[in-house]
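The values are calculated or read from the model by the stated rules, or taken from the named source; none is laboratory data. These figures come from a predicted structure and were not determined experimentally. In this analysis, Cβ positions are derived from the backbone assuming ideal geometry, glycine residues included, and neighbour counts consider all displayed protein chains. Protein only, heavy atoms only, side chains kept; ligands, DNA and RNA dropped before computing areas. Shrake-Rupley method; radii C 1.70, N 1.55, O 1.52, S 1.80 Å.
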Amino acid sequence: MSIYTNIKKRRSIRSYLDKKVKHSDICKVLDAGHYAPSSGNLQNWRFIVVRDPDTKETVARCCLEQLWITEAPVVIVVCSDSTKVKQEYPTKYKKFATQNCAAATQNMLLQTHALGLASCWVGPPSNLMKFKDNLKIPENIDVEALITIGYSNEKPLEKRHKIEEVTYFDKYGKRERDVSLFPLAKHLKKSKK
Ligand SMILES: Cc1cc2nc3c(=O)[nH]c(=O)nc-3n(C[C@H](O)[C@H](O)[C@H](O)COP(=O)(O)O)c2cc1C
């Protein structure tokens with residue numbers, strides 16, 4: 001599968017088959033995560049692989065009671081140890097720490113898809129105290145994201161804005177007047193031929 005196809009075909013999946021995920025596949029997903037770019041190459045991500053059903057239920061309950069999360073055989077919790085990021089970038093560390101973890105998260109979603117598995121990015125828990133307490137996450141460690149992983153049991157729809165609606169040229173808000181450019185999607189079709 002090309003990178004482009006992988007990116008385009010990946011979808012968030014919220015219903016999973018009762019089928020185990022191979023340990024070697026989880027390792028490949030984690031490996032992809034830790035090859036992400038990071039500010040100053042500080043690699044502040046820390047991953048917790050959750051497979052225990054009780055822990056998964058706590059995780060789901062702490063994330064706005066999204067109980068579908070428990071269906072996924074594996075949940076990866078993406079944490080950040082931002083200590084060194086803060087030392088290197090005192091004014092920007094929060095954004096950098098989160099962005100680094102987001103890059104790792106996206107890498108893992110794409111690797112998951114490349115392995116024929118399905119996933120969903122889930123935002124950080126709303127009940128952070130209970131979550132951290134249950135997973136024994138130290139106070140100074142942030143929870144950035146969760147990734148559910150398993151075999152898909154649904155066919156999701158693709159919903160995207162048109163590229164023209166989200167793209168400007170040279171200045172924010174400036175739309176290109178050159179009509180030969182539009183629709184931008186036609187250039188994608190051409191490049192596929
Ligand atoms: C930061 C972030 C937080 C998200 N949190 C949730 C979540 O809590 N629950 C959920 O079902 N999906 C969550 N999603 C997935 C989005 O809903 C999904 O990516 C979006 O609807 C686009 O669908 P697609 O991933 O299939 O392209 C999150 C995605 C991101 C990037």
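Filter region 32-76 down to residues that are aliphatic (A, V, I, L, M) and free of Cβ contacts under 8 Å to residues at least 40 places away in the same chain and give me whichever is nearest to Q106 (Cα to Cα).
Kept after step one, since they are aliphatic (A, V, I, L, M), are these residues of region 32-76: 32, 36, 42, 48-50, 59-60, 64, 67, 69, 72, 74-76.
Keeping just the survivors that are free of Cβ contacts under 8 Å to residues at least 40 places away in the same chain gives 49, 60, 67.
Working: V49: 16, A60: 21, L67: 23 Å.
The qualifying residue nearest to Q106 (Cα to Cα) is V49.
So how many residues does region 130-149 have that are within 11 Å of the ligand (Cβ to nearest atom) and of a type in the set (D, E)? Can you show your working first?
The first filter runs over region 130-149 and keeps only residues within 11 Å of the ligand (Cβ to nearest atom), leaving 144-148.
Add one more test, that the residue is of a type in the set (D, E), and what stays is 144.
Matching residues across region 130-149 total 1.
Among the candidates E144, E139, which residue alone is farther than 27 Å from M1 by Cα and buried (at least 23 other Cβ atoms within 10 Å of the Cβ)?
Working: E139 fails: buried (at least 23 other Cβ atoms within 10 Å of the Cβ).
Answer to the check: E144.
Mind checking which pairs have a first residue in region 77-100 that is modelled with pLDDT of 95 or more and a second that is in a loop (DSSP other than H, G, I, E, B) and hydroxyl-bearing (S, T, Y), Cβ under 6 Å, 6 or more apart or different chains?
Once the first residue is modelled with pLDDT of 95 or more and sits in region 77-100, its partners that are in a loop (DSSP other than H, G, I, E, B) and hydroxyl-bearing (S, T, Y) give Y93/S82; F96/Y89; A97/S82; N100/S38.
Which condition number in (1) in a loop (DSSP other than H, G, I, E, B); (2) modelled with pLDDT of 95 or more is the one that F169 fails?
Unmet for F169, out of (1) in a loop (DSSP other than H, G, I, E, B); (2) modelled with pLDDT of 95 or more: (2).
Name the residue that is farthest from V59 (Cα to Cα), counting only residues in region 134-166 that are assigned to a loop (DSSP other than H, G, I, E, B) and polar (S, T, N, Q). Even if it seems obvious, please write down each step before you answer.
Filtering region 134-166 down to residues assigned to a loop (DSSP other than H, G, I, E, B) leaves 135-141, 151, 153-162.
Filter once more, so that each one left must be polar (S, T, N, Q): 140, 153.
Working: N140: 19, N153: 21 Å.
Looking at residues that are assigned to a loop (DSSP other than H, G, I, E, B) and polar (S, T, N, Q), I get N153.
Any idea how many residues of region 150-170 are more than 15 Å from the ligand (Cβ to nearest atom) and in contact (Cβ under 8 Å) with a residue 60 or more places away in the chain?
The number of residues fulfilling the criteria is 1.
For E65, indicate whether it is touching a Gly at 6+ places or on another chain (Cβ under 6 Å) and surrounded by fewer than 17 Cβ atoms within 10 Å (Cβ to Cβ). Reasoning before the result, please.
Working: touching a Gly at 6+ places or on another chain (Cβ under 6 Å): no; surrounded by fewer than 17 Cβ atoms within 10 Å (Cβ to Cβ): yes.
When the stated conditions are applied, E65 does not pass them.
Select from region 172-188 the residues that are outside any loop (DSSP other than H, G, I, E, B) and surrounded by fewer than 10 Cβ atoms within 10 Å (Cβ to Cβ) and list them in ascending order.
Looking only at region 172-188, we keep the residues that are outside any loop (DSSP other than H, G, I, E, B), and these are 179-181, 185-188.
Passing the criteria: V179, S180.
Might you let me know whether region 60-72 holds any residue that is of a type outside the set (D, E), more than 15 Å from the ligand (Cβ to nearest atom) and more than 14 Å from I147 (Cβ to Cβ)?
Taking region 60-72 as the starting set, the residues that turn out to be of a type outside the set (D, E) are 60-64, 66-70, 72.
If we keep only those that are more than 15 Å from the ligand (Cβ to nearest atom) too, we end up with none.
Within region 60-72, none of the residues are of a type outside the set (D, E), more than 15 Å from the ligand (Cβ to nearest atom) and more than 14 Å from I147 (Cβ to Cβ).
From L117, L17, which residue is touching a Phe, Trp or Tyr at 6+ places or on another chain (Cβ under 9 Å) and either open to solvent by 50 Å² or more (accessible area, probe 1.4 Å) or more than 16 Å from the ligand (Cβ to nearest atom) (or both)? Before you say what the answer is, go through the steps one by one.
Details: L117 fails: either open to solvent by 50 Å² or more (accessible area, probe 1.4 Å) or more than 16 Å from the ligand (Cβ to nearest atom) (or both).
Going through L117, L17 in turn, just one is touching a Phe, Trp or Tyr at 6+ places or on another chain (Cβ under 9 Å) and either open to solvent by 50 Å² or more (accessible area, probe 1.4 Å) or more than 16 Å from the ligand (Cβ to nearest atom) (or both): L17.
Given the structure, is K130 at pLDDT 95 or above, assigned to a helix (DSSP H, G or I) and open to solvent by 70 Å² or more (accessible area, probe 1.4 Å)? Please lay out each step first, then the result.
Numbers: at pLDDT 95 or above: yes; assigned to a helix (DSSP H, G or I): yes; open to solvent by 70 Å² or more (accessible area, probe 1.4 Å): yes.
Against the criterion (at pLDDT 95 or above, assigned to a helix (DSSP H, G or I) and open to solvent by 70 Å² or more (accessible area, probe 1.4 Å)), K130 qualifies.
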